[in-house]
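Chemist: The structure's right below; bear with me while I get my questions together.
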Amino acid sequence: APHVARAAARRMRFAHAANEVHPGHRMATSFSEALEELMPGAFEVQIFPNRQLGDDKQLLEGSVAGLMDVVSVSGVLLPLVTGRPAMNGWQMPFLIRDYDHFGELALGDIGQKILDDLRPAGLVGLAVADTGQRNFLSIDKAVTTLADFSGLKTRIVPVPLHQQIWETVGTAPVGLPYGEVYGALETGVIDAVEINVSSMLGENLWEVGKHFTLTGHYPWHMSTVMSERFFEGLHDEEKAAVTEAGRRSVTATLDYAKTQDLEGREELKSKGVEIVELSELDQMRDRVSDLTAEWSGKDPLIAELVAAAGAPA
Amino acid sequence: MSSFFLLFAGFLATGVPIALALGIAGTAYLYLSGNGMMALMLPQRMIAGVDQFVLLTIPLFLLAGALMNVGGVTTRIVTFARAMVGHRRGGMSSVSILSSGFFAGISGSATAEASALGSILIPSMAKQGMPPAYAAALIAVSSVMGPIIPPSITMIIYGVLSGASIGQLFLAGIMPGIGIASGLLIYASWRAKRDGFPVTPRMTGRERLAATRRTLPALLLPLIILVGIKAGIFTPTEAAAVAVGYALIIGFVYRDLTLTRVWDALIATALVSTSILFITSMASIVSFVFTLEQVPQLIADAMLSLTENPWMILLLLNIFLLVLGMFLEPISILILTMPILMKFQALIGMDPVQFGTVVVLNVVIGMATPPVGILLFIASAISGEPVGKVIREAIPLVGICLLVLAVIALVPQVSLFFPSFLN
Amino acid sequence: MQDRTGPLARFVTGYVWLVRTLAGVSMLLIVAIMLAQVFWRYILGGSLIWAEELCRYLLIWQTFLVLGLAFSKGEFVALEFVPSLLNPRLRWLLKAVMAVPIVVFLGLMAWYGWDFASRFDRQTIPALDFIWTALSGEALGLSIRWVYVSVTVGLALLALHVLADLAVSFRRQVVDNLEDTASDADRTSAGTT
Ligand code: NA
Ligand code: NA
């Protein structure tokens, strides 16, 4: 059918795997809104949430191959798929204090360098944000001391960094597909899971686990990346707008994630979840502190991030 | 969108395998809609269609069934059912229905059930004086219980796609399974009386005890799976491997299994599961292309323009699925329609487990409906009766299944009885 | 196909043996790994962190590798609505015509699969890295390409099987105008749910 001629907006497909209340979706919507503000009518951003076009890994591969325009994916996957380890820096245990700290670094010099480090893999990094600080959910009893971690069958994402951290802490890390976590916690196949508040609510994990320990061991970072092919097809004004929209989405996403985390804790309490502090948090930090030095040796950008994070604001 | 359906129907009619018809029509549609450059993504979609941990249950449950079959369990189940109901008028027809129900408890697949039981039971029923076409129809429709009574490959796929709990779906399948079995048993007795089917002598008490003892271990499998999952020993996916291990143990204990038979079963299972997984793989292409073109939204809008009454939507949805079920097999239907189904579930506001049960019943009953009813074809091939005759005999039996479907759709308490009872 | 001892026949026999053996071994490994995982976790309180991933990759390879064989064995579900109305000669002709889009599709996807896989040389297979690190202290670094290339291998083999089936049935269906050897019973007994 003939369609009415109008100022041709450039279509941009933005895909991610998160559901529509997850901060990951906010990353996409805030990016799209910022772009509209910066260049009204120039882009028609079509958002595909909820794994509609594939899971994190598939989406990321699609953008590396130049087929997906823009995707937001979990930061853990970037080193895995691109072979560039710098993005692991964000999850050095206990390096990032909170959402504000994350934002400072993400919008600073080192944050941009880590995004730029993706360029050789065919990706233009636009944003990185913490979509939920990770804590510890256990089934049988509350974990309050370091000894309580010992031997707990804990579901983790099976990547080397996480395996190393959780083995050092003393748990028995188990790799399980995300979708099977609820059932595995319910039946006792696993004893615990390292998780953030939004996933506790989103996946109804509060129904099966009532002991939530605020460890805040690392952020769950997501990164918005654009395929190089799409980026290079833009003219300079558009490139600048896309880059700026990425930066604006960082602040918007962090605000959303922070609010969701705090409000979510209240909601969890009202659902009967016992939220406790780890009395031996310092001991836990000490136990994993060597890992940060070890991983800093793997990539100078990780070392730089570690240095920047420790520097007084 | 219509170009996709035209191409797909054309390929199907000319004998192109369903999997390839899906893949080719989906790819062609991608090019026709101007997204041809995205075709490079399709091989990744094919892998994604297979690359899910829970899909491992397909070869594993098929393997467990195959091992039970070559291990003589099928024959033992039939003997056990004969010991229980074989002496009634037209007893072999009741034996068939009961055997199907028991077999469903160890197998997740209707076609495996129809093939395994059909070759033993259709000749036995014919020998007892029942029309072979009736015997074939009875096997075809009873096999519908395979994917309804847990374990069930169809429910696993539904759970994977929708996020509904697979364990709960399994439990929800028990009542409709019992409903279908009872309905068919009532029909079979009525039919036996009307047509004066002969009676066979009752087995002796000793024979019946022996049959029970020999079948008990196989019948314990569903219980072992359920208890193992509930006790946190293994996940529902791992349960399939446990089922294989259990089938191996009882097969070797009874000395019906040999290493050669096990090896042959491994290879045969790999071949059969490939034909299923290739469909999920190709359907994953289609769902990708449909999503890009926002087809689910278009269909949902079209349906909503007809009515907004939840009951009418439920009715339309059932008709929509039954019609699809006439032409397609369950897995393709689920993969193709899941985004639409999710929209409707939200609209109707039905419990996700009950909704899943309704959908699964719907698509599985489609396997026994013409024109494309794979179960009818299998039974007709085994019996040597023309498909047309088998279909005529199958119509009242399918009617019984539809009645059960209606009850499940209208009364939530029926399907949710076991899920809520065991929580 | 008359000469059963010629080099082609021996090659075919060897190929079929190889694919069947690999399929059997893969099934066996899947069962063994999953049972080992249950044992490790429930009895020993540990975990094989690579188990789930490795099983998935085995399933992917197994699925694509045996596609061709499954096709020739008639395991693929097809409707045969039009073919059932035709005599053997015309049926062969229809099969030959429909083989064109099939082979083009399979060839295209096999090629794209190769192209796609070759873009991920830097992505390694985590499961094997975990195993290798446990054994030797170092990651193996085998590229994920070796998993993704299964699509190319499988679809290319399937295309060859489609063509070989045409060639094999040519004599019987076209020259002698006889029914094809694969009966309808075989065609429909393929397993679906
Ligand atoms: Na079953
Ligand atoms: Na049908």
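Chemist: How many residues are open to solvent by 30 Å² or more (accessible area, probe 1.4 Å) and over 30 Å from A:PHE31 (Cβ atoms) when one looks only at segment A:242-294?
Modeler: Qualifying residue count, segment A:242-294: 19.
Chemist: Ok, one more. Could you identify the single residue in C:SER136, C:SER47, C:SER72, C:SER84 that is in contact with a strand residue (DSSP E or B) (Cβ under 6 Å, 6 or more places away or on another chain) and more than 28 Å from A:SER63 (Cα to Cα)?
Modeler: Of the residues listed, the single one that is in contact with a strand residue (DSSP E or B) (Cβ under 6 Å, 6 or more places away or on another chain) and more than 28 Å from A:SER63 (Cα to Cα) is C:SER47.
Chemist: Same structure again: State whether the residues of segment A:205-218 include one that is at pLDDT below 95 and among the acidic types (Asp, Glu).
Modeler: yes
Let's see how each residue does on (1) surrounded by fewer than 19 Cβ atoms within 10 Å (Cβ to Cβ); (2) not aromatic (Phe, Trp, Tyr):
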position	(1), (2)
B:GLU207	yes, yes
B:ILE224	yes, yes
B:PHE252	yes, no
B:LEU257	no, yes
B:ILE276	no, yes
B:PHE290	no, no
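Chemist: Working only within segment B:20-59, note down all residues that are out of contact with any Pro (no Cβ under 9 Å at 6 or more places or on another chain) and of a type in the set (Gly, Ala, Ser).
Modeler: Residues satisfying the conditions are B:ALA21, B:GLY23, B:ALA25, B:GLY26, B:SER33, B:GLY34, B:GLY36, B:ALA39, B:ALA48, B:GLY49.
Chemist: Does segment B:79-94 contain any residue that is within 14 Å of another protein chain (Cβ to nearest Cβ) and at pLDDT below 90?
Modeler: Checking segment B:79-94: not a single residue is within 14 Å of another protein chain (Cβ to nearest Cβ) and at pLDDT below 90.
Chemist: For segment B:101-114, which positions are near ligand 1 (Cβ under 10 Å from one of its atoms), aliphatic (A, V, I, L, M) and either open to solvent by 10 Å² or more (accessible area, probe 1.4 Å) or part of a helix (DSSP H, G or I) (or both)?
Modeler: B:ALA104, B:ALA110, B:ALA112
Chemist: Next up: So B:ALA39 fits all but one of (1) within 7 Å of chain C (Cβ to nearest Cβ); (2) within 30 Å of A:ARG11 (Cα to Cα); (3) crowded, with 21+ Cβ neighbours inside 10 Å; what number is the exception?
Modeler: Failed condition: (3).
Chemist: Okay, moving on. Just to verify a result, which residue in segment B:87-100, among those that are closer than 19 Å to B:ALA218 by Cα and either more than 14 Å from the chain's Cα centre (by Cα) or open to solvent by 20 Å² or more (accessible area, probe 1.4 Å) (or both), is farthest from ligand 1 (Cβ to nearest atom)?
Modeler: Per the stated criteria, the residue is B:VAL95.
Chemist: Taking segment A:139-153 on its own, how many of its residues are outside any loop (DSSP other than H, G, I, E, B) and either surrounded by fewer than 23 Cβ atoms within 10 Å (Cβ to Cβ) or among the aliphatic types (A, V, I, L, M) (or both)?
Modeler: 3
Chemist: Consider only pairs whose beta carbons are under 7 Å apart and that are at least six residues apart or on different chains; among these, list those whose first residue lies in segment C:99-118 and is within 9 Å of chain B (Cβ to nearest Cβ) and whose second residue is modelled with pLDDT under 95 and not in a helix (DSSP H, G or I).
Modeler: Going by the 7 Å Cβ cut-off, the qualifying pairs are C:ILE102/B:VAL16; C:PHE116/A:ALA65.
Chemist: So which helices (runs of 4 or more DSSP H) stay within segment B:301-379 end to end and still have 2 or more residues that are within 16 Å of ligand 1 (Cβ to nearest atom)?
Modeler: B:330-348, B:352-365
Chemist: In segment B:240-283, which residue that is of a type in the set (Gly, Ala, Ser), farther than 30 Å from B:PHE4 by Cα and touching a Phe, Trp or Tyr at 6+ places or on another chain (Cβ under 9 Å) is farthest from the other protein chains (Cβ to nearest Cβ)?
Modeler: B:ALA243
Chemist: OK, next. Just to be sure before I move on: is A:VAL181 in contact (Cβ under 8 Å) with a residue 12 or more places away in the chain, assigned to a helix (DSSP H, G or I) and open to solvent by less than 10 Å² (accessible area, probe 1.4 Å) in the structure I sent?
Modeler: yes
Chemist: Moving on to the next point. For residues in segment B:95-112 being within 14 Å of chain C (Cβ to nearest Cβ) and modelled with pLDDT of 80 or more, which is farthest from ligand 2 (Cβ to nearest atom)?
Modeler: The residue in question is B:ALA104.
Chemist: Can you tell me which residue within segment C:71-86, out of those that are in contact with a Leu (Cβ under 9 Å, 6 or more places away or on another chain) and more than 7 Å from every other protein chain (Cβ to nearest Cβ), is farthest from B:VAL16 (Cα to Cα)?
Modeler: Ranking the qualifying residues of segment C:71-86, first place goes to C:LEU86.
Chemist: A further question follows. Contact list please: Cβ distance under 7 Å, first residue in segment B:142-159 and more than 15 Å from B:ALA64 (Cα to Cα) and more than 12 Å from chain C (Cβ to nearest Cβ), second residue within 10 Å of ligand 1 (Cβ to nearest atom) and assigned to a loop (DSSP other than H, G, I, E, B), pairs at least six apart or on different chains.
Modeler: Listed by first residue and then by second, the contacts come to B:ILE149/B:GLY105; B:ILE149/B:GLY173.
Chemist: Just one of the numbered conditions (1) more than 14 Å from chain B (Cβ to nearest Cβ); (2) not in a helix (DSSP H, G or I) is not true of A:PRO120; which one?
Modeler: Failing condition for A:PRO120: (2).
Chemist: Please find, among B:ILE122, B:ILE47, B:ILE58, the residue that is among the β-branched types (Val, Ile, Thr), more than 16 Å from ligand 1 (Cβ to nearest atom) and within 30 Å of C:TYR148 (Cβ to Cβ).
Modeler: From the options B:ILE122, B:ILE47, B:ILE58, the qualifying one is B:ILE47.
Chemist: Follow-up. Which of the residues spanning segment C:17-50 are surrounded by 17 or more Cβ atoms within 10 Å (Cβ to Cβ) and of a type in the set (S, T, N, Q)?
Modeler: C:SER26, C:GLN37, C:SER47
Chemist: Suppose we filter A:SER198, A:SER227 for residues that are closer than 21 Å to B:SER165 by Cα and surrounded by 21 or more Cβ atoms within 10 Å (Cβ to Cβ); which single one remains?
Modeler: Step by step, each of A:SER198, A:SER227 is checked, and only A:SER198 is closer than 21 Å to B:SER165 by Cα and surrounded by 21 or more Cβ atoms within 10 Å (Cβ to Cβ).
The values are calculated or read from the model by the stated rules, or taken from the named source; none is laboratory data. Given the structure is predicted, the values throughout are model-derived calculations rather than measurements. Backbone-built Cβ (ideal geometry, glycine too); neighbour counts: all protein chains shown. Keep in mind that these areas ignore ligands, DNA and RNA; they rest on the heavy atoms of the full protein, side chains included. Shrake-Rupley method; radii C 1.70, N 1.55, O 1.52, S 1.80 Å.
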